[in-house]
1. For a quick check: with amide H placed at 1.01 Å from N, whose amide H comes under 5 Å from Y503's, ignoring anything fewer than 5 positions away on the same chain?
2. Would you report the distance distribution of C-alpha pairs in the stretch 353-409 as whole percents per 5 angstrom bin, up to the bin with the largest distance?
3. Simple spin-label model, 7 Å along Cα-to-Cβ: L336 to L558 in nm?
4. Multiplying the sequence separation of L115 and D48 by 0.36 nm and subtracting their Cα-Cα distance, what value in nm do you get?
5. For the stretch 128-201, what size does the Cα cloud have along each of its three principal axes, sorted from largest down, in whole Å?
6. Could you give me the percent of Cα pairs per 20 Å distance bin for the chain, shortest bin first, beginning at zero and ending with the bin that holds the maximum distance?
7. Between L41 and W20, with labels modelled 7 Å along Cα→Cβ, what's the label distance in nm to one decimal, could you check?
8. Calculated FRET efficiency, K231 and E328, Cβ-Cβ r, R0 22 Å, to nearest 0.05?
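Coordinate-derived values only; no laboratory data. These numbers were taken from a predicted model, which means no experiment stands behind them. Quick reminder, even Gly has a Cβ in these numbers, built from the backbone with ideal geometry, and neighbours come from all protein chains shown.
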Amino acid sequence: MTSPRQSPVQLLLASDRRAWLVALSVSLGTALLLVSPFFWLGTASGHDISFHASSWLDVAGQWREGIVYPRWSEWANNGFGEPRFIFYPPLSWMLGAALGFVAPWNAVPGVFIVLVQTFSGLSMFALGKRFFSMGAAIFGAACYAANPYALLLVYLRSDFAEQLACAFLPLLFLAAFQLSGLLEDRWRSPFRATAIFALLFAAVWLSNAPAGVLASYTLVLVFAWAAFAQKSFAPLWRGVGGLALGFGLSCFFLLPAAYEQRWVNIAQALSSGLQPSQNFLYSQIDDPEHNLFNWIASTVAVLLIVMTGFAALVASRYKRGEKRGASERLWHAMLLVSVMAAMLMIRPSSILWDLLPKLHFVQFPWRWMGILAVPYAYFAAAAVRRRMGWIWAIIVILASAGTAAFLVHKAWWDSDDIPSLREAIASGQGFEGTDEYDPVGDDHYNLPQHSPPVQILPAETVEESPGLAPKADIRFGPWTAEEREFSVTSSQSLRLALRLLDYPAWRVEVNGQAAAPQHAESTTQMVLALLSGTHRISISFRRTWDRNLGSLLSLLALLAWGTLLRLGGKGSGSGKASCQTTPT
């Protein structure tokens, strides 16, 4: 008995599934190789490990309190808190906190890296399979999962948010090429293409703000090039629509983060050592540690630039003789992105860093490596198809392995970061705050490291025994990151110093009436002046108008997004079987 002959569509789908399984295996294997040093050296303790790990722990604790979307970091500034989660994009700290519920906390950084870099490889495979054979596309996926900038992020920076944003970039490039008309839309629907592009663009912004800025400028270049190459304004209009919808989807985060910057010391994000002018390739300042890291980052950037250029050169020789058209325009688009990324890492581009809006908040010009890594993997996949492509493959593998070995040697390995943070939270001590998220008027370095939730102080009008605090009975009610209630009974007037920083979103009520707290000297620690008697104090982190407006705009954008998907689905049936263009 013979089985029925499979149709061409069934054979194509079965082959496509096998290709994705192989890509998944290679990407996962590459990611595991990246974290293999973690098994015997401990956790790579990069520059941002404490910031991200403390955010994960804080969010996990607030989830246990029933707070679905945290805004106030309860344990920052030694328990005085800060509005960290208003300004820092949510996807990375939500993913890290979620992993803490399924894996031991000490393993969360490694698990995070494996998941994100595996997804990075699959993201690049989705881009590569539109142009290359399965083998070349899988090689490009491995190149991207272990690109030099990813290695720098994993071993020396521990910037998990930027790492997550980079994982979306190949898919975002693919969606941009389809939306702009540089690549045939597999769904044959501009509505669906716009919806998918907008979702990926929003995902980058909701992962890491500097990556969002870089992606925005890169996409403007892509759409402008598409308009020039096609001699039509249509790609620009489609691009503007996709970008607007993407910003709309992320408005629930972006609008409060933009508006409430006036309430914090956001300028500290560009303090000494963090300015673009001090971080161009091989720049030096009066800080040996800064100079050492900038030299390492600059060397990795030069390696990535050289490898990208060499791969583009090798692959371009293979490309000669092929018909001109979409592949030619795509090639030039990747080359333009590479040149832009490389140029913006060097000092002559400083005028652009001063003129282009928000670009200076990227801080480090070498962050353009995150964008450059996509053309690098693309050209690497194209070059490996040459007759002597195995030589190029060996060069790439040796360069990646050498870079990894160098960075592993330079990294600081420490498995005590997360246990120390967990102990600090469990003991009520908290952890360090962030300069740029400190409320205006506060100097968080002057806050006491050990302070009770409520401290009784003498009333300002009491001159007798000024050093003695009056006796009072304090009874605590519900106490979470965003809701705090207690009562105090005293026969004398007094002041209460709360372990909490004042911020416009906090609403303080005494006996049901709104009250304006005083501040401690040189800080914005809340201080309440109370008369004798019994008082009920309620403190809640309310929704400000900007948060409400941002949520409303995101809801409207989500409705528009769903409408585009439905409109796109009505006319996409004819294109589902055609998922690969002619290889370039």
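1. Amide H neighbours of Y503, under 5 Å, 5+ apart: none.
2. Taking every Cα pair in the stretch 353-409, the percentages come to 4, 15, 14, 19, 16, 11, 10, 7, 3, 0.
3. Modelled inter-label distance: 3.5 nm.
4. Contour length minus Cα-Cα distance gives 22.2 nm.
5. Principal axes ranked by extent give 43, 28, 14 Å for the Cα atoms.
6. The calculated distribution, bin by bin, is 19, 48, 25, 7, 1, 0.
7. So the label points at L41 and W20 sit 3.5 nm apart.
8. Computed FRET efficiency for K231 and E328 comes out at 0.95.
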